[in-house]
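As C-alpha cells, the structure follows; a few thoughts come after it.
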Amino acid sequence: MTTSSESVQSSTTFQQVVEKLAEPEKTRGCLLCRSTLTVVLPGVTDTRLGIGGSYDIVRCTACGLEQIHPLPSPGELKALYEKHYNFGGERDTTYTRIREWFHFSPVYRLWLILDGDFSFHLPKGTGRLLDIGCNEGRGLKIYSRNGFQAEGLELNETAARVARQKGLTVHTCLLQDFQPSHLYDVVVLSNVLEHSLSPKEVLLDVRRILKQDGEVWISCPNSRSWQRKVFGRDWANWHVPFHIAHFSPATAFARPERVTKELRNALLVIFLMLFMRGLFFPILWLGNLLGRGDCLVVMARRT
Ligand SMILES: [Zn+2]
C-alpha cells in the first residue's frame, strides 16, 4: 500500500482528515490490545482481485494477534467493497437453482460432515438466530430449515432487498447501531470477524444483543494453518486488504490472560475445532486433527 498511500497523502481531503481524527486508535497498535507490533511477513500483495498495494503482516508483541499494516481507512474499505464485493442481485438463474437444490440435499450434509461446517449449516436447534453479513440470505434459509427463527444483518441494500423478497427478515444497519427489539439465542459470524477494523468491539456488540446463555458461532481463517506455512505470501487467506486481522486458537480466544481475559469474561469458550476444506482430503483431514486446518471455528456461550 506504500505507493497508493503516498498518493492519498498528497491529495488528502477534508473528509479523510476528519476520519483519521475520529478514529485515531484504529490506525495504531494491535486491534485487540493496542500494544506494539512487529513485522512477521513483509510485502504481501493481493492475488485474487488485482488490487494494487503491498501490505506487511504484523504481530502484536503482547497478545500475538496478527493483522495487516498499514490498515486501510474505513473510507478506503468502503470503496473497495463497493467495487469488488457488491452483490449484483443474481437470482433465479440455473446456477442459483442448482446451488439451492445442493444446499438442501443429503449430499451437502455429508460434504459438511467430511469437509467441515464453517458456515454452521449442520446444527439443529430452536430460538432466534442472527446471521451477521447474511448477504442475500442463503444461510438464513438453511438455519430456518434447521429449526431456528433466523434473521440477517446485511449492509448491502441490494442483497438485503433480494433476501426480503424471499420472505426473509433482514436488518440493514451497522452492528454498533443495531438495537433489536429482542435478544438472540445465537449470533453467527461466519467469515466476518477477520474483515473488521475493530474485532473486539464487534464481539462486545454481539454480547450486547445475545441472551444470557446465548451462543456466538465464529469461523475465520486460522493463522496457524499449515497452508500458510507452505504457501507463504501466496496463502489464499491473506486476502489483503479485506482480511484485516488473523486469529489463531491461542492468540484470539484461548489464552486466559491479557486482553483475551476480557473476552473470556464475556464469552465462555465451550469448544474449539479446526477444519480444512479442499480436494486433498486425507492431508487436510490430518491437518484438522493436528489443529492446523485452514479454518478456525469457535462456538462460545455468553455467561
Ligand atoms: Zn495485542
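Throughout, read-outs are computed from the coordinates displayed, never taken from laboratory work. Quantities reported herein were computed from a predicted structural model and do not represent experimental measurements. Heads up, the Cβs are rebuilt from the backbone with ideal geometry, glycines too, and the neighbour counts pull from every protein chain shown.
What FRET efficiency comes out for Q212 versus K124 if R0 is 30 angstrom and r is the Cβ-Cβ distance? Round to the nearest 0.05.
My answer for the efficiency is 0.85.
Quick one: which residues, 5 or more positions from H171 or on another chain, have an amide H under 5 Å from its amide H? H modelled 1.01 Å from N in the peptide plane, none for Pro or chain starts.
Residues meeting the amide H criterion: G152, L153, E154.
With r defined as the distance between the Cβ atoms of K78 and N191 and R0 fixed at 22 Å, what FRET efficiency is calculated, to the nearest 0.05?
Values: r = 19 Å, r/R0 = 0.86.
With a Förster radius of 22 Å, E is 0.70.
List the residues, sorted by chain then number, that are 5 or more residues from V188 or on another chain and whose placed amide H is less than 5 Å from its amide H.
Distant-sequence amide H within range of V188: L130, D131, I132, W217.
Based on the mean of other Cβ atoms within 10 Å per residue, sort peptides 236-248, 99-111 so the most packed one is first.
Working: 236-248: 21.2, 99-111: 12.5.
So the order, starting with the most tightly packed, is 236-248, 99-111.
Divide, for the stretch 28-121, the radius of gyration over alpha carbons by 2.2 N^0.38 Å, where N is the residue count.
On the way: Rg = 19.2 Å, N = 94, 2.2 N^0.38 = 12.4 Å.
The reported ratio for this selection is 1.56.
Once fully extended, how much extra length lies between T158 and L183, figured as 0.36 nm per residue of separation less the alpha-carbon to alpha-carbon distance? Don't skip to the end; give the middle numbers.
On the way: separation 25, 0.36 × 25 = 9.00 nm, distance 2.59 nm.
Length gained, T158 through L183: 6.4 nm.
Could you pull out every residue, at least 5 positions away or on a different chain, whose amide H is within less than 5 Å of the one on S223? Hs are placed 1.01 Å off N in the peptide plane, and Pro or chain starts have none.
F247, S248
List, in order, the whole-Hz ³J(HN,Hα) value for each residue of the stretch 232-237 obtained from phi through the Karplus relation with A = 6.51, B = -1.76, C = 1.60 and θ = phi - 60°; use x for Gly and Pro.
Once θ is set to phi - 60°, the couplings for the stretch 232-237 become x, 5, 8, 4, 4, 7 Hz.
Output wanted: per-residue J couplings in Hz (rounded whole) for the stretch 154-170, from phi through Karplus 6.51 cos²θ - 1.76 cosθ + 1.60, θ = phi - 60°, x for Gly and Pro.
My calculation for the stretch 154-170 gives 8, 7, 6, 4, 4, 4, 4, 5, 4, 5, 5, 5, 8, x, 8, 9, 9 Hz in order.
Of the peptides 132-142, 49-59, how do they stack up when ordered by the mean number of other Cβ atoms within 10 Å, highest first?
Values: 132-142: 22.0, 49-59: 16.8.
Ranking the peptides 132-142, 49-59 by packing returns 132-142, 49-59.
Report the gain in length on full extension from S54 to F104: 0.36 nm times residue separation, minus Cα-Cα distance, nm rounded to one decimal.
On the way: separation 50, 0.36 × 50 = 18.00 nm, distance 4.09 nm.
Extending this stretch completely gives an extra 13.9 nm.
Pop out the ³J(HN,Hα) list for the stretch 207-212 in order, Karplus 6.51 cos²θ - 1.76 cosθ + 1.60 with θ = phi - 60°, rounded to Hz; leave Gly and Pro as x.
4, 4, 9, 8, 5, 4
What's the center-to-center distance, using Cα atoms, between the stretch 95-160 and the stretch 27-69 in Å?
31 Å
With +1 on each Lys and Arg Cβ and -1 on each Asp and Glu Cβ, and nothing else charged, work out how big the dipole of the stretch 124-224 is about its Cα centre, in Debye to the nearest 20.
Computed charge dipole of the stretch 124-224: roughly 320 debye.
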